[in-house]
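Here the structure comes first, spelled out in structure tokens, and everything after it is commentary.
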Amino acid sequence: MTNRPTFRSRQNPAFEGVEAVPLLRSPLTDYLAERSIPYVVASRYCCRLNYGVRGKRYFTVGFPNVTGGYEIRSRFFKGCVPPKDVSLVKAEGSPADVCSVFEGFMDFLSAVALKWTEDEDSLVLNSVANVARSYKYLDGYGKIRCYLDRDEAGRRVLESLRSRYGDRITDRSNLYDGCKDLNEYLQRSIEKTINNHLKIK
């Protein structure tokens, strides 16, 4: 089995024999570690997704959405197993009045690793095109904290959410000023910590 698809189409291929299994330590978790996502975080929220395309078998990291589809990632492939939709992660314990919003699941995993989302629900758009799909989930929250990419697409999403929710929206992207997104901030933070530790030694 390989995890490097040979297809080049920008459209999602026809997936066959899709199977979600626990994410054990493997080249997939090595890839996530390179993105500074700890195994303890990745294994809690992600799975290993095995699937076939045109008779060949592949595997990727899978992150489930609310309608049974998966966002999938590996070193070699980024896409989704349809249907495409948002992902909602509920906090354990009592119902939360706060929801954190992310564009992609790498940013969500980064926030978990940084302990920025404890006792809060989280919604992952999985695409900036899914903003309208998020409304039925976000409508019930009193506070919505946005950790969106610091680019034009992220700003458009923020404006769309503000136009609907007004002062319930808080833009948290200032926490990673100078970085494109939250995952880049996490990687830089860990690199800085390691370098400082080496200097002390």
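The values are calculated or read from the model by the stated rules, or taken from the named source; none is laboratory data. Source: prediction; values computed, not measured. All Cβ positions, even for glycine, are placed from backbone atoms using ideal geometry, and neighbour counts span all protein chains on display. Remember, those area values only see protein heavy atoms, side chains included, never the ligands or the DNA or RNA. Shrake-Rupley method; radii C 1.70, N 1.55, O 1.52, S 1.80 Å.
Odds and ends about this structure:
- Bridges between two residues of region 31-149, per DSSP, are antiparallel at a rate of about 65%.
- For region 78-186: rounded, prolate or oblate by the Cα gyration tensor [a/c cutoff 1.5]: rounded
- The heavy atoms of Lys78 present about 150 square angstrom of accessible area, all protein chains included, probe 1.4 Å.
- With all protein chains kept in place, the per residue accessible area of region 58-201 amounts to 50 square angstrom at a probe of 1.4 angstrom.
- Relative contact order for region 33-94: 20 percent, from Cα pairs under 8 Å spaced at least 6 residues apart, divided by residue count.
- Relative contact order of the chain, pairs being alpha-carbon contacts under 8 Å that are 6 or more residues apart, as %: 16
- Near the amide H of Arg57, within less than 5 Å, lie the amide hydrogens of Thr2, all on another chain or at least 5 residues away, with H placed in the peptide plane.
- Kirkwood Rh, angstrom, the chain [1 / mean 1/r, Cα pairs]: 17.8
- Note on the chain: antiparallel DSSP beta bridges, both residues inside, total approximately 65 percent of the bridges counted.
- Positive-end residue of Tyr31, Asn183, Leu123, charge dipole of the chain with Cβ unit charges: Tyr31
- A simple spin-label model places the labels of Asp177 and Thr193 2.3 nm from each other, with each point 7 Å out along Cα-to-Cβ.
- Percent carbon-and-sulfur accessible area, region 1-140, ignoring ligands, DNA and RNA, probe 1.4 Å: 49
- Using a Förster distance of 41 Å, the FRET efficiency for Ala153-Ala20 (Cβ separation, nearest 0.05): 0.90
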